[in-house]
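Note sheet for the following structure.
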Amino acid sequence: MSMTLEEQVEQFKRDGYFVVKRALSPEQVSTLIDRVIAISEGFTTREIPDIIDRDEAFVPLLVNPPVFHLMRALMGPKVQMESVNATRIKPGKGMPVGWHMDSHVYPDPLPPYWYFPVSINCAYYLDEITLEKGPLVVVPGSHLSGKNPPDGLSEIEGQIDVMAEAGDAVIFHGALWHAAKPNVHPTEERRALYYNYLQSFCKNRVDNFAGERSRQLRESGPFYIQQLLGKFDGWHEIPADAEEQLANL
Ligand SMILES: O=C(O)CCC(=O)C(=O)O
């Protein structure tokens, strides 16, 4: 049985992550795989940055309903994007990522409301993620620890491998301790997209949306996309037809 939005929020607050099953349809997955293959030509790094400006197929996912509704329930209505990247890890390349957290903004002592996230990352997995493909590893509840994770990929008590089917999304709190195991599958690729959402009061020093498509969307796109790409400074109205503007994306 599917969970209510309130139950999803409660689980996220407790664990620091939540798996959104079937966030993408099989058709979307197959299109996005083709686009990731096309834009990744020539890259040898793990991450392919600024994918909104590389292909328009990545734009609608900014406001993909099953993720975007939950994101706003968790972060409030004025969320922005920090970055949007892709990875394509070919067989034999491995490319693990050691323990880290994405937000290093850490008050000490922690305020009572510290589940409140500065950022939440959404990883869309375009391939089934098995143990061989190198799952995301998380330490549930570590977003409330107030501590940094150890370096490397050493075993941590309570750690969990997060398996996913193609099209699932995993959203995780910026302070959650997480890592990614290597892709050791002999023949299959591991492809994923990362949509990192940020509180609007945490302006980034680096603009990851400096390309022409991003600039046009920020100037004249649907309201929520303008907001996500950083059009507004400080307080601003949310127009009554903001949701309707997303209907044709
Ligand atoms: O690829 C993954 O499963 C996780 C990548 C990661 O650690 C990150 O995006 O911060």
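Heavy-atom surface analysis with a 1.4 Å probe gives the chain a carbon and sulfur content of 53 percent of its accessible area. Shown are LEU153, LEU131, LEU229, whose ranking by accessible area with a 1.4 Å probe and every protein chain present, most to least, is LEU131, LEU153, LEU229.
Accessible area per residue for the chain is 49 Å², calculated with a 1.4 Å probe on protein heavy atoms, without ligands, DNA or RNA.
Sort the stretch 5-246 into rounded, prolate or oblate with this rule: let a ≥ b ≥ c be the square roots of the eigenvalues of the Cα gyration tensor; rounded if a/c is under 1.5, and if a/c is not under 1.5, prolate when a/b is larger than b/c, oblate otherwise. Note, shape of the stretch 5-246 comes out oblate. Straight Cα distances below 12 angstrom link LYS133 to the aspartates and glutamates ASP161, GLU165, GLU188, GLU189, with same-chain residues fewer than 8 positions distant left out. With 10 Å bins beginning at zero, the pair-distance distribution over Cα atoms of the stretch 102-249 amounts to 10, 29, 32, 23, 6, 0 %. For the pair ARG46 and ILE156, a Förster radius of 35 Å applied to the C-beta separation gives a FRET efficiency near 0.95, rounded to the nearest 0.05. What the Cβ-Cβ distance of GLU219 and GLU128 gives, at R0 = 35 Å and to the nearest 0.05, is a FRET efficiency of 0.35. The spacing between the stretch 151-192 and the stretch 43-102, judged by their C-alpha centroids, is 14 Å.
Across the chain, C-alpha contacts under 8 Å between residues 6 or more apart give a mean separation that, scaled by the residue count, equals a relative contact order of 29 percent. From the largest down, the stretch 190-234 spans 37, 23, 18 angstrom on the principal axes of its Cα atoms. Relative contact order of the stretch 123-249, taken over Cα pairs closer than 8 Å and 6 or more residues apart, is 28 percent. Picking from HIS143, HIS178, HIS69, which is most flexible by a Gaussian network model of the chain using Cα springs under 10 Å? Among HIS143, HIS178, HIS69, the largest mean-square fluctuation in the Gaussian network model of the chain belongs to HIS69. Cross-link reach is defined here as a Cα-Cα straight distance under 22 Å, omitting same-chain residues fewer than 8 places apart; for LYS78 the lysines meeting it are LYS13, LYS203, LYS231.
The values are calculated or read from the model by the stated rules, or taken from the named source; none is laboratory data. Fair warning: this is a prediction, and the values are worked out from it, not measured in the lab. Note: ideal-geometry Cβ built from the backbone for every residue, glycine included; neighbour counts use all protein chains shown. When the accessible area is computed, the model is the full protein with side chains, heavy atoms only, and any ligands, DNA or RNA have been set aside. Shrake-Rupley method; radii C 1.70, N 1.55, O 1.52, S 1.80 Å.
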